[in-house]
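The structure appears right after this line, and notes come after that.
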Amino acid sequence: MRIGFGRQDITPRVGVELCGFGPFRCRHSIAIRDRLWARAMAVEHDGVKAVVVSCDLIGVPLSMTDRVRALVRRETGLPEDRLMICCSHTHSGPAVGSYSGWGESDPPYCETLPARIAQAAIRAIADLAEGSFSYGEAPCEGIGLNREYDKDAQPLDDVLKDTWRPSKPELTDTVCRVLTVTDPTGGLRGFVSYFGCHPVTCCAATRYIHGDYCGVATGVLERENPGATGMFIQGAQGDVNTCVVHKPEQESLLALDVIASRYANAVRHGMRAAVAMPIDRIATARERIAFSRKPWGAAELRQRLATCEEFLHRFDAHDDFAEGNRNVRLEMVYALALRKMLARAERGEDLADPTEVMGLRLGPATILGSGFETMQAIKNDVVRAARGPHTWVAGLTSDSVGYAPDRTVAARGGYAADMVPLIIGTLPYARVHDELVDALLRLDHVLA
């Protein structure tokens, strides 16, 4: 077994817009609180190589993933289907092209980003050396709550107490899972942690660049273990927020260290609990798939666009940041998406753009990833039916395509089910819960 790690700084220059928290917020960054990184782990067993990259980004589009893969193949010969890119989904990093109105992408940053991500993978491959894996778990209940089924944005004084717990922990991740990598002398070379929770400790007014709780925690643990590279794999966070969210900027920045400390402590316990995990083989699998969409034809799109434009063209409509005007900016996002989709529909194009699902097996551990912000019920269905003992259902992998709502949220409609797909520039999904479970389990079957 050979394992290698690589890192590359992907922090944008100060001034770029940050992505997340609302439409047309104009959140131009003013300083770097913590640097953003692409961190990569390469693995090789019996001549088979694979690489997983973790980025402190809100997500990357599939086209960017393809560019990274092409660069890595050109430099190392690694086949495209052996490289997986995962993103943390931090809302305090730059926009990279997936979300209309949720932060303007910076062309110089986006143009240079694929090569920077590729460098982390290339360095990890060059770093391949004999090593071994261990696997551990630790309780992690003081960070997330289910915003769809629990009370969101609870009082700061309550959630910052060490004893705080969500009222419905079973609807969140309650365990942090950790892989550690050691060299033949037992020295720590790197670690990979997995947990599902939105990195939204900060707020809509945040103007500082950082990787939120998961990025800050990973940096702290790296500094505690000089020479080791830490990685974070985002899990099923579609309906899970941190306990600190939507608070004023200064309170958020102070609370960020508290939540990051909680997560770092869980990872530490997982590392200490880790036991040897022999690897019998490495395998990857991926599938390009067009998930079914709601049947919004040209007539439906025209009607929805007319409703948006009627709202936007009222004499009292205004684009400022007064609370009552947020809907103006939101309707503008929808109008932009509807206009583009209507033009495509009138040209006879298929509006169900394909995305990718990908799996990586490391002996008894399997990462099954998609570009969705996956909700907990979907993850639970996959884990229950998966064949291996350690199955990680990762979101924001290879692509960034909005929410995969569970059946209840999809039936309810509204923001996650119907509106966010428009922010991404695509039609709402029709049966994504069942179709995503089926797609990930197909990968699991191939990898078994």
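Laboratory data are not the source of any read-out in this text; all were calculated from the coordinates shown. As the structure is a computational prediction, the values presented were derived from the model and not from experiment. Note that we place each Cβ from the backbone using ideal geometry, even for glycine, and neighbour counts take in every protein chain shown.
Taking only C-alpha pairs under 8 Å that are 6+ residues apart, what is the relative contact order of the range 332-442 in percent? Walk me through the numbers on the way to the answer.
Working: 173 pairs, mean separation 32.7, N = 111.
That works out to 29 percent.
Taking the chain as the reference, fit the longest principal axis to its C-alpha atoms, fit the long axis of helix 432-447 to the helix C-alpha atoms, and give the angle between the two in degrees, 0 to 90, nearest 10.
20
What angle, in degrees between 0 and 90 and rounded to the nearest 10, separates the Cα long axis of helix 326-346 from the longest principal axis of the Cα atoms of the chain?
Helix 326-346 sits roughly 90 degrees off the main axis of the chain.
Placing unit charges on C-beta atoms (Lys and Arg positive, Asp and Glu negative, everything else neutral), compute the dipole magnitude of the chain about its Cα centre in debye, rounded to 20. Don't jump to the answer; show the numbers that get you there.
Working: 51 positive and 57 negative charges, 130 e Å.
It comes to approximately 620 debye.
So for the range 298-346, what are the equivalent ellipsoid semi-axes in whole Å, largest first, each being the square root of 5 times an eigenvalue of the Cα gyration tensor?
Over the Cα atoms of the range 298-346, the semi-axes work out to 23, 10, 7 Å.
So what's the back-of-envelope 222 nm ellipticity for the chain, counting only DSSP H runs of four-plus at -39500 (n - 2.57) apiece and dividing by all residues, rounded to 500? Display every interim value, and only then the final one.
On the way: 11 runs with 150 residues, N = 448.
Rounded to the nearest 500, it is -10500 deg cm²/dmol.
Calculate the all-directions average of the projected area of the range 4-144's alpha-carbon convex hull, and give it in nm². Mind showing how you got there, number by number?
Values: hull surface 40.3 nm².
Mean projected area for the range 4-144: 10.1 nm², to one decimal.
Show me the three semi-axes of the equivalent ellipsoid for the chain, from the C-alpha gyration tensor (sqrt of 5 times each eigenvalue), largest first, rounded to whole Å.
Values: eigenvalues 229, 124, 89 Å².
So the three semi-axes of the chain are 34, 25, 21 Å.
Just need log10 I(q)/I(0) for the range 48-109 at q = 0.15 Å⁻¹, Debye formula, equal scatterers on the alpha-carbon atoms, no solvent, rounded to two decimals.
Reported log10 I(q)/I(0), two decimals: -0.51.
Using alpha carbons only, how many degrees (0 to 90, rounded to 10) separate the axis of helix 376-385 from the longest principal axis of the chain?
Value to nearest ten degrees: 40.
Where q = 0.10, 0.11, 0.15 Å⁻¹, what log10 of I(q)/I(0) comes from the Debye formula for the range 133-282, counting one point per Cα?
Debye curve over Cα of the range 133-282, log10 I(q)/I(0) at q = 0.10, 0.11, 0.15 Å⁻¹: -0.35, -0.42, -0.75.
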